[in-house]
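Input: a single structure, listed below in structure tokens.
The values are calculated or read from the model by the stated rules, or taken from the named source; none is laboratory data. This structure is a prediction, so every number in the text was calculated from the model and none was measured. Every residue, glycine among them, receives a Cβ derived from its backbone with ideal geometry; neighbour counts consider all protein chains shown. Protein only, heavy atoms only, side chains kept; ligands, DNA and RNA dropped before computing areas. Shrake-Rupley method; radii C 1.70, N 1.55, O 1.52, S 1.80 Å.
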Amino acid sequence: MPEPEIAQKSPFKVAVEAGKTYFWCACGRSKKQPFCDGSHQGTGFSPVKFQANEAKAVFFCGCKHSSKSPLCDGTHNSL
Ligand code: FES
Ligand code: FES
């Protein structure tokens, strides 16, 4: 597995909408962070689906090294 690029060393706070589906960028190359824009093609990475069941603030991993992706788990602090 190749290493993902670090989009930023902090999470992206996003106000998600109830019932909406999001695709988190796992490769770090998207220009529409924290979400996939198709730039992963050829990298071996695929986006991770996130289903919002309620409207709330979600902290999506920006460093792409979280072990709880697509959510931030604090791993960015040790990069
Ligand atoms: Fe990164 Fe699609 S652009 S996973
Ligand atoms: Fe990746 Fe926090 S931004 S673990």
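Picking from Gly19, Gly44, which residue would you name as being within 12 Å of ligand 1 (Cβ to nearest atom), open to solvent by 40 Å² or more (accessible area, probe 1.4 Å) and at positive phi?
On the way: Gly19 fails: within 12 Å of ligand 1 (Cβ to nearest atom).
Result: Gly44 is the single residue among Gly19, Gly44 that is within 12 Å of ligand 1 (Cβ to nearest atom), open to solvent by 40 Å² or more (accessible area, probe 1.4 Å) and at positive phi.
Which of the residues belonging to the range 4-16 are away from ligand 2 (no atom under 16 Å from the Cβ) and either exposed (fewer than 13 other Cβ atoms within 10 Å of the Cβ) or not aliphatic (A, V, I, L, M) (or both)? Full working, then the answer.
Taking the range 4-16 first, the residues away from ligand 2 (no atom under 16 Å from the Cβ) are 15-16.
Ala15, the sole residue that qualifies.
Which of the residues belonging to the range 47-79 are aliphatic (A, V, I, L, M) and within 11 Å of Trp24 (Cβ to Cβ)? Give the steps one after another, and end with the answer.
Of the residues in the range 47-79, the ones aliphatic (A, V, I, L, M) are 48, 52, 55, 57-58, 71, 79.
Those that are aliphatic (A, V, I, L, M) and within 11 Å of Trp24 (Cβ to Cβ): Val48, Val58, Leu71.
Take Ala26 and decide whether it is among the small types (Gly, Ala, Ser) and farther than 24 Å from Ser78 by Cβ. Talk me through it step by step, then tell me what you get.
On the way: among the small types (Gly, Ala, Ser): yes; farther than 24 Å from Ser78 by Cβ: no.
When the stated conditions are applied, Ala26 does not pass them.
Determine whether the range 36-55 contains at least one residue that is of a type in the set (Val, Ile, Thr), within 15 Å of ligand 2 (Cβ to nearest atom) and in contact with a His (Cβ under 8 Å, 6 or more places away or on another chain). Walk me through how you get there before you give the answer.
Our first condition is that a residue be of a type in the set (Val, Ile, Thr); within the range 36-55, this holds for 43, 48.
Filter once more, so that each one left must be within 15 Å of ligand 2 (Cβ to nearest atom): 48.
This time we only want the ones that are in contact with a His (Cβ under 8 Å, 6 or more places away or on another chain), so: none.
No, every residue in the range 36-55 fails to be of a type in the set (Val, Ile, Thr), within 15 Å of ligand 2 (Cβ to nearest atom) and in contact with a His (Cβ under 8 Å, 6 or more places away or on another chain).
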